[in-house]
Amino acid sequence: MSNQQYPRSTSSMGTREKTYFEQQREALIGEIAMSFEHVLANINKLNRSLEAVVAVGNEFSSVEALWSQFENVMAKDPEDGKTGSEGEEGQQGKNEGEGEQATAAGKS
């Protein structure tokens, strides 16, 4: 077993040189670290953009509330707001219309 040769060579100071695998591993780890830094920077940029979008959206909240109120007022059925006396007047109008139809039929 003492005749085994190791792929690592040693320098005069006793420290060993890195193997090809270790060199490649360190290079890839460096690239991965750089990629993570780029991802982090882009995520921060996206976060700032989303915060800006939310801020702009919040500026329109009062306008949205006003339009919602307008929409609710316009969407109300006119008969929902009538009182009992107005409902009776509406019924009388229908009866008068029927009378006019009967009169017109009698004239023919």
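The values are calculated or read from the model by the stated rules, or taken from the named source; none is laboratory data. Quick caveat, the model's predicted, so the values are computed rather than measured. Note: areas computed on protein heavy atoms with side chains; ligands, DNA, RNA excluded. Shrake-Rupley method; radii C 1.70, N 1.55, O 1.52, S 1.80 Å.
Brief remarks on what is shown
- Qualifying positions in segment 13-28 - modelled with pLDDT of 95 or more and open to solvent by 100 Å² or more (accessible area, probe 1.4 Å): Tyr20, Phe21, Arg25
- Check on Ile32, of a type in the set (Val, Ile, Thr), under 22 Å from the mean Cα position of the chain (by Cα) and at pLDDT 95 or above: no
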